[in-house]
Amino acid sequence: MAEEKSGYSPQLKRNQRMEIKKEFNNFTQGENCRRELNGNNGGSSKRRKQFRVGDDGKILFDEEELKMILGFNRGEDYIEVLCGTTNKVYGDYVGRLKINNNGEYFITCECCPGCPLVNVTPEAFEKHALKEGTGRWKSNIWVHCEDEDRVPLWKTPLTKYYTHQANVANWKDSAMRKRNFHRDEFLHCTSCRKERRFRLKSRPDIKNYHEALNNKSWTCSLWPYHKITCDDDEERPSLRASRGCSRSSTCQGCSTCYCEGCIKCRFEDCNCQECRDFMLYAEP
């Protein structure tokens, strides 16, 4: 009798218990994402070890950690090493990788005498080796070290000096192809305080939201999808609860739909702190 008065039923159906557990997991994951967003990293993407910079803002290369790479050569404003990539049918395509003190990568192919491929991006070198479409140049391009042959770039100190800001040509196409999922976001109008939905399906869509977020006087009239005013109704609360997560329709933020920063949602021509940090320090 006491159990009935308290409203607790020991005959709670299995699907009801599963629904409660699901909602609890959604809440917990949402809280974890919010803690990350408000934590020390400010929602920034994972960073690698930072390089040293001189008074002129140029990269200072650490020769001690680089001279173990075969073919290492130090120029006035660049370093150069032997590199290559392997095609399973045609064998090795060798070249020379040059990194200037802005963090820009160039590769000159030496697969045969007179090869016209000079100072091209890592992705272009991949395509030349008939590995087009892989987009995994950090793993496919290798260097020789003193104690090991064909070491992928991602295992070497060289990637530390790569900056997205200086290598736009290398990742611009892959940014458009990237399939990272980004959930829908809402933004308050500074005039009427109504919430408007932004659907982050493509890089242009994400840039529209990013610019609106950084606009301290954003209003409904600037909504990019179609013309509205502050007089138009906002979405019902039941619709706003769904933000497009493929895992759960009522998700408040999880590892599937929450992005801490990638080349699809960070922009080389933006001056906000998040974009600047990503372009300079994020992993390639």
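The values are calculated or read from the model by the stated rules, or taken from the named source; none is laboratory data. Bear in mind the structure is a predicted one, so any value in this text is a computation, not a measurement. Note that we place each Cβ from the backbone using ideal geometry, even for glycine, and neighbour counts take in every protein chain shown. Side chains included, ligands, DNA and RNA excluded: accessible areas come from the protein's heavy atoms. Shrake-Rupley method; radii C 1.70, N 1.55, O 1.52, S 1.80 Å.
Here are the numbers for the structure shown:
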item: Rounded to the nearest 10 Å², the accessible area of SER191 at probe 1.4 Å; result: 80 Å²
item: At most 14 other Cβ within 10 Å, DSSP loop - GluC sites (Glu not before Pro), region 57-136; result: GLU76, GLU132
item: Convex hull projection area averaged over all views, region 137-284, Cα basis, nm²; result: 10.9 nm²
item: Separation in nanometres of the label points that stand 7 Å from Cα toward Cβ, at VAL89 and LYS155; result: 2.7 nm
item: With all protein chains modelled, accessible area of TYR78 [1.4 Å, Å²]; result: 60 Å²
item: Nonlocal amide H pairs with ASN87, under 5 Å, H built at 1.01 Å; result: ASP92, TYR93
